[in-house]
Amino acid sequence: MKLTLPLLIAVQFLTRIPVRLAQLPSPQDNGRSLSWYPAVGLLIGLLLVLLHYLLVSAAPMLHAAVLLAAWGWISGGLHLDGLADTADAWAGGQGDRERTLQIMKDPSCGPSGVVALLLVLLLKFAALVSLLSSEQQYQIGLVLVLVPAIGRLLLPALLVCTPYARPNGMGAALASNAPGSLPLLLAAQCLIVTILFVSAWGVAGIMPVLGAALFFLYWRRALVKRLGGTTGDTAGALVELTETLLLLTLAIFC
């Protein structure tokens, strides 16, 4: 149970998959769960692949719409909510740190959040339609597995290498209890992902990985400059924006 508890915590937090914990997790167990975030991304991807093969005879637009709806449902809209809150706060904060953080805590969704959600979902949908309509449909399964996994690989990476804007927030507690081996584990997983992309798409496979890495560095720099660090909402926004960027890059260049 000690070995599986962090995994169950990660599944419970990042998905709608029903998980019942036999005990209240300790701060250390919550911190260890960060190591399992990429595995949860793989699990989400495998569920999407299963759905993809069930929809193999559907028209590309319907196929893409159902995949995208399932994608959002499995994750419980967790990261979409973070994206909307971040967009509202970024626009409404007008460069002021305290005002930005205050708006981010407001549970209501403003116009900037709505626009951000619509744009991200539209771009994801268009990219999925393009990929499903391409001649290389056999690679769709790999796309559906890798994209959610990479998004949830960068999530703990952001938390462990970026100060937390709210010292008493949940992200700060997670990062402070993360295992010491986590950075090395994440680096190894990044290498594996790069090898998989290059194996599947050749030299063009470097484009999605490079794009995700550069965006990660840009997002981290922007967060530190505006907020002095990250928050749970901005980490969720990173997941959604990274997934969108990966799908677009794959649809355009691969």
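The values are calculated or read from the model by the stated rules, or taken from the named source; none is laboratory data. This structure is a prediction, so every number in the text was calculated from the model and none was measured. Cβ atoms come from the backbone with ideal geometry, glycine included; neighbour counts cover every protein chain shown. The area values use the complete protein model at the heavy-atom level, side chains included, leaving out ligands, DNA and RNA. Shrake-Rupley method; radii C 1.70, N 1.55, O 1.52, S 1.80 Å.
Being more than 15 Å from Leu146 (Cβ to Cβ), in contact with a helix residue (DSSP H, G or I) (Cβ under 7 Å, 6 or more places away or on another chain) and part of a helix (DSSP H, G or I) is the requirement here; does Ala69 meet it? Before the answer, list the steps.
Numbers: more than 15 Å from Leu146 (Cβ to Cβ): yes; in contact with a helix residue (DSSP H, G or I) (Cβ under 7 Å, 6 or more places away or on another chain): no; part of a helix (DSSP H, G or I): yes.
Spelling it out, it is not the case that Ala69 is more than 15 Å from Leu146 (Cβ to Cβ), in contact with a helix residue (DSSP H, G or I) (Cβ under 7 Å, 6 or more places away or on another chain) and part of a helix (DSSP H, G or I).
If you check Gln94, Gln102, which single one turns out to be without any contact (Cβ under 8 Å) to a residue 60 or more places away in the chain, open to solvent by 20 Å² or more (accessible area, probe 1.4 Å) and at positive phi?
Gln94
For Leu80, work out the one condition from (1) open to solvent by less than 70 Å² (accessible area, probe 1.4 Å); (2) without any contact (Cβ under 8 Å) to a residue 12 or more places away in the chain it doesn't fulfil.
If we test Leu80 against (1) open to solvent by less than 70 Å² (accessible area, probe 1.4 Å); (2) without any contact (Cβ under 8 Å) to a residue 12 or more places away in the chain, just (2) comes out false.
Suppose we filter segment 123-144 for residues that are closer than 22 Å to Glu240 by Cβ and of a type outside the set (A, V, I, L, M); how many remain?
Within segment 123-144, residues that are closer than 22 Å to Glu240 by Cβ and of a type outside the set (A, V, I, L, M) number 4.
Filter segment 120-166 down to residues that are outside any helix (DSSP H, G or I) and touching a Leu at 6+ places or on another chain (Cβ under 8 Å) and give me whichever is surrounded by the fewest Cβ atoms within 10 Å (Cβ to Cβ). Lay out the reasoning, then the answer.
Our first condition is that a residue be outside any helix (DSSP H, G or I); within segment 120-166, this holds for 134-136, 162-166.
The next check asks that each one be touching a Leu at 6+ places or on another chain (Cβ under 8 Å); those that pass are 162, 165-166.
On the way: Thr162: 22, Ala165: 23, Arg166: 17.
Going through the qualifying residues, I end up with Arg166.
Do any helices (runs of 4 or more DSSP H) entirely within segment 167-254 hold 2 or more residues that are surrounded by 16 or more Cβ atoms within 10 Å (Cβ to Cβ), under 19 Å from the mean Cα position of the chain (by Cα) and at pLDDT 95 or above, and if so, which?
182-201, 206-227, 232-253
Hey, does segment 24-43 have a residue that's more than 19 Å from Leu247 (Cβ to Cβ), open to solvent by less than 10 Å² (accessible area, probe 1.4 Å), assigned to a helix (DSSP H, G or I) and of a type in the set (D, E, K, R)?
Checking segment 24-43: at least one residue is more than 19 Å from Leu247 (Cβ to Cβ), open to solvent by less than 10 Å² (accessible area, probe 1.4 Å), assigned to a helix (DSSP H, G or I) and of a type in the set (D, E, K, R).
Mind checking which residues of segment 107-119 are exposed (fewer than 13 other Cβ atoms within 10 Å of the Cβ) and over 17 Å from Gly72 (Cβ atoms)?
Pro107, Ser108, Pro111 - these are the residues of segment 107-119 that are exposed (fewer than 13 other Cβ atoms within 10 Å of the Cβ) and over 17 Å from Gly72 (Cβ atoms).
Starting from segment 193-212, take each residue that is over 16 Å from Leu245 (Cβ atoms) and list its partners that are aliphatic (A, V, I, L, M) and assigned to a helix (DSSP H, G or I), counting only C-beta distances under 6 angstrom and pairs at least six apart or across chains.
Going by the 6 Å Cβ cut-off, the qualifying pairs are Ala200/Leu142.
Restrict the check to segment 129-145 and report whether at least one residue is under 19 Å from Leu83 (Cβ atoms) and among the aliphatic types (A, V, I, L, M). It would help to see each step written out before you state the result.
Step one: filter segment 129-145 for residues under 19 Å from Leu83 (Cβ atoms), giving none.
Checked against the condition, which is being under 19 Å from Leu83 (Cβ atoms) and among the aliphatic types (A, V, I, L, M), segment 129-145 yields no hits at all.
Do any residues in segment 38-59 that are over 22 Å from Val129 (Cβ atoms) have Cβ atoms under 6 Å from those of residues that are of a type outside the set (A, V, I, L, M, F, W, C) and open to solvent by 10 Å² or more (accessible area, probe 1.4 Å), where the two are at least six apart or on different chains, and which pairs are they?
These pairs meet every condition: Pro38/Gln189.
Are there any pairs, at least 6 apart or on different chains, whose C-beta atoms fall under 7 Å, with the first in segment 123-143 and under 15 Å from Leu62 (Cα atoms) and the second at pLDDT below 95 and among the polar types (S, T, N, Q), and if so, which?
none
State yes or no: is Arg20 part of a loop (DSSP other than H, G, I, E, B) and in contact with a Gly (Cβ under 7 Å, 6 or more places away or on another chain)? Please lay out each step first, then the result.
Details: part of a loop (DSSP other than H, G, I, E, B): yes; in contact with a Gly (Cβ under 7 Å, 6 or more places away or on another chain): no.
So Arg20 does not fit the description; no.
Given the conditions (1) closer than 15 Å to Leu241 by Cβ; (2) free of Cβ contacts under 8 Å to residues at least 60 places away in the same chain; (3) of a type in the set (A, V, I, L, M); (4) open to solvent by 70 Å² or more (accessible area, probe 1.4 Å), which single one is not true for Leu62?
Result: Leu62 fails condition (1) only.
Sort out which residues of segment 1-17 are assigned to a loop (DSSP other than H, G, I, E, B) and either surrounded by fewer than 18 Cβ atoms within 10 Å (Cβ to Cβ) or on the phi > 0 side of the Ramachandran plot (or both), and write them in order of number.
Those that are assigned to a loop (DSSP other than H, G, I, E, B) and either surrounded by fewer than 18 Cβ atoms within 10 Å (Cβ to Cβ) or on the phi > 0 side of the Ramachandran plot (or both): Met1, Lys2, Leu3, Thr4, Arg16, Ile17.
Kindly provide the set of residues from segment 3-50 that are within 23 Å of Asp81 (Cα to Cα) and basic (Lys, Arg), ordered by number.
Listed by number, the list holds a single entry, Arg16.
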